[in-house]
Amino acid sequence: MKTKYLLLAILALLPAGLTAQSDFDISADYSPYEDMILLHLVNNADKPMRIRNNFGGGTSGSYVVFLLKDKAGKKISEYPAVFGEGVNYQHFVDISPRSSITTKYRLRSLTPSSRNVSEIYSVDASCFIGYSIQGKDVYEYFDKVLTIHTKQDLMIDPG
């Protein structure tokens, strides 16, 4: 009888654990007016968060790889970058509790000089992020691939 109630309690609490909000999230947009890819990094925790950028091309630290694609979805090029709010390299990026920052990447800067920006129809941003939250002893990792559409096909109604 006790086992039955224990199983019922576990099943009742299971969805709460599955829907718990993560400490960190990332999303992306494209601003056609600025010709910029925008990555929004969100700290959902009650304490400050610190993101450590990759330095010198090693495998530790945070970085993003932009994979530029044409209309057919074929790779045009890839471009590695770090997270930062300005033009200067930042070893650490700090995010206040329950807030976000937006990092901007000009599409022209990501595109090879041999190609035209108008050839880029979508970008896959593979984000690899290592972060710590003040008061936690753990350095956590988060990775996510975001697809950003930079061109929309024109839909013309024939009639």
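The values are calculated or read from the model by the stated rules, or taken from the named source; none is laboratory data. No experiment lies behind these values; they were computed from the predicted model shown. With ideal geometry, Cβ positions are generated from the backbone for all residues, glycine too; neighbour counts draw on all protein chains shown.
Some values worked out for this structure:
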quantity	calculated
Qualifying residues in the range 68-108 (those that are among the hydrophobic types (A, V, I, L, M, F, W, C) and farther than 18 Å from ARG52 by Cβ) - the one modelled with the lowest pLDDT	VAL87
Cross-chain or 6+ apart pairs with Cβ under 8 Å, the range 67-89 first and within 21 Å of SER100 (Cβ to Cβ), then surrounded by fewer than 10 Cβ atoms within 10 Å (Cβ to Cβ) and at pLDDT below 90	VAL82/TYR89
Given (1) more than 18 Å from ASP25 (Cα to Cα); (2) surrounded by 13 or more Cβ atoms within 10 Å (Cβ to Cβ); (3) touching a strand residue (DSSP E or B) at 6+ places or on another chain (Cβ under 6 Å), index of the condition VAL117 fails	(3)
Residues located in the range 103-114, provided they are within 14 Å of LYS69 (Cβ to Cβ), surrounded by 13 or more Cβ atoms within 10 Å (Cβ to Cβ) and out of contact with any Phe, Trp or Tyr (no Cβ under 6 Å at 6 or more places or on another chain)	LEU107, THR111
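Listed here are the residues, each with its yes/no results for (1) touching a residue at least 24 places away in the same chain (Cβ under 8 Å); (2) of a type in the set (Lys, Arg); (3) out of contact with any strand residue (DSSP E or B) (no Cβ under 9 Å at 6 or more places or on another chain); (4) outside any loop (DSSP other than H, G, I, E, B).
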residue	(1), (2), (3), (4)
ALA45	yes, no, no, no
VAL65	yes, no, no, yes
VAL93	yes, no, no, yes
THR102	yes, no, no, yes
PRO112	yes, no, no, no
SER126	yes, no, no, yes
GLY130	yes, no, no, yes
ASP143	no, no, no, yes
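The rows are residues; the columns are (1) touching a Lys or Arg at 6+ places or on another chain (Cβ under 8 Å); (2) closer than 13 Å to CYS127 by Cα; (3) surrounded by fewer than 13 Cβ atoms within 10 Å (Cβ to Cβ); (4) modelled with pLDDT of 80 or more.
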{"residue": "ALA12", "(1), (2), (3), (4)": "no, no, yes, no"}
{"residue": "PRO15", "(1), (2), (3), (4)": "no, no, yes, no"}
{"residue": "ILE26", "(1), (2), (3), (4)": "yes, yes, no, yes"}
{"residue": "LEU38", "(1), (2), (3), (4)": "yes, yes, no, yes"}
{"residue": "PRO48", "(1), (2), (3), (4)": "no, no, no, yes"}
{"residue": "GLY58", "(1), (2), (3), (4)": "no, no, yes, no"}
{"residue": "PHE66", "(1), (2), (3), (4)": "no, yes, no, yes"}
